[in-house]
Amino acid sequence: MPEVLELKPLKDKHLKLIMVESEFPIDWWFEVPKEKKEDLLWSLHLISKEYLQLIDGLIDKYSPDFALEEKPNSWDDPLNPNDPLKTLFKKKGIRFNHADISENAEFYLSAALDEHRSMLQTLEERIEEIITEKGVVPSEDELFQQLVLWKDYLKNDYDSQEDEIRYKVREAWMMMNTLNLAKEIKGKKLKGLFICDLRHFEGLDKLANDLGIDTEQIKIKRSIKTAEIEKEYEEEVEVEIFK
């Protein structure tokens with residue numbers, strides 16, 4: 001049976017959610033851009049030892065009952081055995097899940113934009129054909145101008161709808177993932193770590209407030225320091241804490 005999005009306050013439980021900024025931006029699309037698919041570093045979803053040390057320190061500081069990470073768009077396998085965060089939380093005996101929109105909901109919402117994709121592809125192909133036929137970009141040709149303007153309009157509309165899902169819809173699903181995991185954990189007073197893209201802090205914070213969940217935000221300050229002797233660059237992680 002497909003999972004239904006439902007947000008209800010926790011019963012007989014109090015939750016404090018510590019939102020931790022992910023080391024690198026976590027991007028999401030219905031269709032991953034070609035350049036991202038070919039970017040090996042992006043696909044690997046690397047995490048530095050400094051960031052793992054930061055999370056380890058936060059575990060010692062807050063003693064969370066559970067943890068979640070916004071699922072990276074780069075991974076197809078949520079149970080990747082090489083996931084360093086999963087390994088760390090397992091070592092600490094902390095329940096850990098990835099958070100994201102359900103596959104059924106994503107498929108349904110993506111299908112609603114199929115017509116946009118099809119029309120965009122047709123327009124792009126026609127624009128390329130005209131350029132090939134003319135040998136130049138016929139910027140003064142009225143038909144060419146209309147095709148380009150219509151393509152831009154459709155692309156902006158598509159991006160706007162995808163943004164709505166990228167933020168408001170996915171944030172609601174991720175909050176439901178958080179609530180569902182909290183329901184499975186014993187105890188009346190719970191603390192959870194949620195590692196996610198900084199761009200979700202505002203939306204998740206609003207949802208949490210509406211659901212009676214206390215929040216704390218941990219944002220990362222990044223700086224690069226040069227080790228002159230080793231001639232290497234090393235990431236130095238600092239944090240800002242917002243309650």
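The values are calculated or read from the model by the stated rules, or taken from the named source; none is laboratory data. Quick caveat, the model's predicted, so the values are computed rather than measured. Glycine gets a Cβ as well: all are built from the backbone with ideal geometry, and neighbour counts include every protein chain shown. For accessibility, only protein heavy atoms count, side chains too; no ligands or nucleic acids. Shrake-Rupley method; radii C 1.70, N 1.55, O 1.52, S 1.80 Å.
Quick look at the numbers
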read-out	value
Evaluation of residue 197 against (1) at pLDDT 70 or above; (2) out of contact with any Pro (no Cβ under 7 Å at 6 or more places or on another chain); (3) surrounded by 11 or more Cβ atoms within 10 Å (Cβ to Cβ) (one fails), failing number	(2)
Filter pass, residue 197 being within 19 Å of residue 28 (Cβ to Cβ), among the charged types (D, E, K, R) and touching a residue at least 40 places away in the same chain (Cβ under 8 Å)	yes
Selection count, segment 81-100, where residues are open to solvent by less than 30 Å² (accessible area, probe 1.4 Å), without any contact (Cβ under 8 Å) to a residue 40 or more places away in the chain and assigned to a helix (DSSP H, G or I)	2
Residue within segment 141-153 that is under 30 Å from residue 204 (Cβ atoms) and modelled with pLDDT under 95 present	no
Qualifying residues in segment 146-188 (those that are open to solvent by 60 Å² or more (accessible area, probe 1.4 Å) and not in a helix (DSSP H, G or I)) - the one farthest from residue 30 (Cα to Cα)	188
Residues of segment 101-121 classified as in contact (Cβ under 8 Å) with a residue 24 or more places away in the chain, open to solvent by 30 Å² or more (accessible area, probe 1.4 Å) and under 15 Å from residue 151 (Cβ atoms), total	3
Conditions (1) open to solvent by less than 60 Å² (accessible area, probe 1.4 Å); (2) touching a helix residue (DSSP H, G or I) at 6+ places or on another chain (Cβ under 9 Å): number failed by residue 124	(1)
